[in-house]
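Enquirer: After the structure tokens below, expect a handful of questions from me.
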Amino acid sequence: MARRSEAYVDTSALIALADRSDTFHPLFRRLFSNPPALVTTPLVVAEGHGWFLRRFDRYKALQFLARLESMTPLAILDIGRKDVSSAMIFQRRFSDQDLTLADAMGLHVMESRRNQVCWSTDRDMRLTGVPLIIDRA
Amino acid sequence: MIRTQVSLTEEEYEAAKQEAARLGISLAELLRRSLRSLLPADPSKPWMLLAGMVESGDPCASQTIDDVVYGQKE
């Protein structure tokens, strides 16, 4: 059987999974219950943690990290200076957009790993042409 | 069923008893329900405990992350 292709996971996918108020919650609950190989970056983890800290409290934020730790299909990639430089190229290319560094890093990762789909609800993640899973579902 | 003993503080015991009475269930059933909400339904997918962990009340929560994390522009 062919291996399902790897998907890039953006912060919005994790929040849609965690927040049962979110419109996309049922979709991401279904997707994460039977995921292919997933990748993300420490910047996404930091954003998600920050969202829980701001929206809820440190305990929920810690729970979020613990749940991610147990998410074995999700690889959290090491990023270094070269990756930051590559992400900055995207920042400059799309300087007319309010791209966060986490978004730009995601665009760089998807390009370098040739990811065919992005698990996100954030339209900015479509900038390089990689389709969002919400458009496919 | 496996019988086990747990130690609770007086406050925890009283609060749990009150909640059980409010729900019309036994203390044991309340503790079983609490445990079920903490443990993953499928032990092979523990990350699914993240699913529905919170309820912000915002249907667009996943699309307004930047506003929450980085703040809105003045």
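Enquirer: I want to verify the translational diffusion coefficient of chain B in µm²/s; compute it with Stokes-Einstein, Rh as the Kirkwood radius over Cα pairs, at 37 °C and 0.692 mPa s.
Expert: D, rounded to a whole number, is 205 µm²/s.
Enquirer: Non-local amide H neighbours of A:Val117 (under 5 Å, H modeled in plane, Pro and chain starts lacking H): which ones?
Expert: Under 5 Å from the amide H of A:Val117: A:Tyr8.
Enquirer: Placing one identical point scatterer on every Cα of the protein assembly as shown and ignoring solvent, what is log10 I(q)/I(0) from the Debye formula at q = 0.11, 0.12, 0.15 Å⁻¹?
Expert: Each listed q corresponds, in turn, to -0.59, -0.68, -0.96.
Enquirer: Follow-up. Pop a pseudo-label 7 angstrom from the Cα along the beta-carbon direction at both B:Arg36 and A:Thr23 and give the gap in nm to one decimal.
Expert: Roughly 3.3 nm, to one decimal.
Enquirer: Could you give each residue of the range B:60-69 its phi-based ³J(HN,Hα) in whole Hz, using Karplus coefficients 6.51, -1.76, 1.60 with θ = phi - 60°, and x for Gly or Pro?
Expert: So the Karplus estimates, Gly and Pro as x, are 9, 3, 6, 9, 10, 4, 4, 4, 6, 6 Hz.
Enquirer: Could you give the distance between the Cα centres of the range A:89-121 and the range A:1-42, to the whole Å?
Expert: 17
Enquirer: Next question. Report the FRET efficiency, 1/(1 + (r/R0)^6), for B:Gln72 and A:Phe56, where r is their Cβ-Cβ distance and R0 is 22 Å, rounded to 0.05.
Expert: 0.75
Enquirer: Turning to a different aspect of this structure: Treating cross-link reach as a plain straight distance, find the lysines whose alpha-carbon is under 30 Å from the alpha-carbon of B:Lys17, omitting any fewer than eight places away in the same chain.
Expert: Excluding near neighbours in sequence, the set is A:Lys60.
Enquirer: Order these by the 10 Å Cβ neighbour count, fewest first: A:Arg58, A:Arg29, B:Arg33, A:Arg67.
Expert: Listing A:Arg58, A:Arg29, B:Arg33, A:Arg67 from fewest to most nearby Cβ atoms yields A:Arg58, B:Arg33, A:Arg29, A:Arg67.
Enquirer: Quick check: pseudo-label points 7 Å beyond the Cα along Cα→Cβ at A:Asp135 and B:Ala28, how many nm apart are they?
Expert: Each label point is offset 7 Å from its Cα along the Cβ direction, giving 5.6 nm.
Enquirer: Let me ask another. Nearest 20 debye, what's the magnitude of the dipole of chain B about its Cα centre given +1 on Lys and Arg Cβ and -1 on Asp and Glu Cβ? Before the final figure, lay out each step's value.
Expert: Values: 8 positive and 12 negative charges, 109 e Å.
It comes to approximately 520 debye.
Enquirer: Tilt of helix B:27-38 relative to the longest C-alpha principal axis of chain B, in degrees (0 to 90, nearest 10)?
Expert: Once rounded, the angle reads 30 degrees.
Enquirer: May I ask for the angle, rounded to the nearest 10°, between helix B:10-23 and the longest principal axis of chain B, with both axes built from Cα atoms and the value confined to 0 to 90°?
Expert: 80
Since every read-out is calculated from the coordinates, none of them should be taken as a lab result. Please read all numbers here as calculations on a predicted model, not as lab measurements. Positions of Cβ are generated from backbone atoms using ideal geometry, with glycine treated the same way; all protein chains shown enter the neighbour counts.
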